[in-house]
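> Mind looking over this structure? Questions follow.
Every number here is computed from the coordinates shown, using simple stated rules; none is lab data. All figures in this text were calculated on a predicted structure; none of them were measured in a lab. When we count neighbours, we look across all protein chains shown, and the Cβ atoms used for this are built from the backbone with ideal geometry, even at glycine.
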Amino acid sequence: MPLRGSLRSTTTILVSAGLTWMACPQAKADEPKPKPENTISIQLGEPVPPQKFEHPLKFWIADVTDRSGNPQPMMVMKERGGVFLDKQPTAIVKEAIEQSLKAANLLAPDAGSANLVLRVYLFHFGLAAGSGLDFFGKVEFSTMVKNTKTGESQEVKAAGTSIAKGAVRKKNMQKNVEENIEEALHDATRNFVRGTQLKEAVAALSKGTEVVPAGAPSATETAKPPSR
Amino acid sequence: MRILTVALVAGIFAMGTVAKPKDEASQYKTAEAKHFTTAEGVELTPAFVDYFYAELRSELTKAKLVNEVVGEGEAVEDADAPKSLVISGTITEYKKGNVVKSALIGFGTGMRSLKMDADVVRRSDKQNLCVLHVHVKIDPRWNEKIMAKGAARQMVKEMKKALAEGTKPS
């Protein structure tokens, strides 16, 4: 009897050890890894035409800081093998804003020649909790606009949202997620460069100071006399 | 016979060209949807308000009521302001619902419910174009974001109807 008892317990231990061993690699496999098949590239596409300011201005983006608190900012989606970004969200946002400012000749060539320096704090980039039937893309950031001469600064908030259809096939799902985040990024960039908050911040920061760009005007720009 | 066929084809093309602008042209140039505020006592997360805002914008785009749906706080050209709308509102009531009541009694009892009021104003002179009241009820087991989807759809539908009635020549 004791022999049978010990045999039974040994078998139980062996079976449970075997099950644990089998479960371990599965648990590891659940954690998605970035591969070329599940990596998407987010781009702004067409630059967003910014609003017109009263005086000619030059902006410079000093840095973009991630304040989302997300330990894996490049992982957009964990389910179904995961969906990853090819670049850090901070780099994508910086590129999007720079692209739009550059297209309108509002981007300074360096920090020294800029009138206003932007520090962007990214709060959300990617998918947010939706209804479960669709994808809810959201890009949210706050920018500190600083006058390089006076040192004064103002906060400008911007957010972009997008809702895209859900998908059953993984290929379609990835495509929809990509389009959705791109649209949210476009929306957030537009909200920033065309927002009344930026207009008010620029007006408040340029009050009483000369707002003539410190850098030389470009070839396409007509030289204007400084407003006195 | 040949002349008749040519005339028929030309007629169809003419009808198409006449019908096309009617479908595409929107009376309003831009619409700005604002984040809805919540009345005191309404226990809804900011995530819900965010999602509703996104859904409302999405439904406005789908409805083709306006040429462009702009984000909250975006500048609009002065020339477009008289033909631009601003939609703002308040979530006045939210009831979580009761799964047990809904399952045992049925007939609409224990349903999750949401009431909201919205104002549609003209951007240039802030004239109120219409006031909307929306009441949505869903099964308490469903996600509250589905309720946001339904509310946004109903709001745009009612807005479209109200604006069409308001612009009808008397």
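> At R0 = 45 Å, how high is the FRET efficiency between residue B:143 and residue A:200 if r is their beta carbon distance? Nearest 0.05 is fine.
On the way: r = 38 Å, r/R0 = 0.83.
It comes to 0.75.
> Follow-up question, since we're still on this one. Give the order of B:155, A:173 when sorted by the count of other beta carbons within 10 angstrom, beginning with the fewest.
Least crowded to most crowded, the residues run A:173, B:155.
> Quick check on the exposure proxy: order A:186, A:55, B:133 from fewest to most C-beta atoms within 10 angstrom.
B:133, A:55, A:186
> Rounded, prolate or oblate for region A:60-105? Axes are the square roots of the Cα gyration tensor eigenvalues, ordered a ≥ b ≥ c, and the cut-off for rounded is a/c under 1.5.
oblate
> Based on other C-beta atoms within 10 Å, arrange A:60, B:142 from fewest to most.
Starting with the residue having the fewest Cβ neighbours, the order is B:142, A:60.
> Another question, if that's okay. In region A:50-152, what GluC sites (Glu not before Pro) fall in a loop by DSSP, with at most 10 other Cβ atoms inside 10 Å? Don't skip to the end; give the middle numbers.
Working: sites: A:54, A:79, A:95, A:98, A:140, A:152; in loops: A:54, A:79, A:152.
Passing both the DSSP loop test and the Cβ count: A:79.
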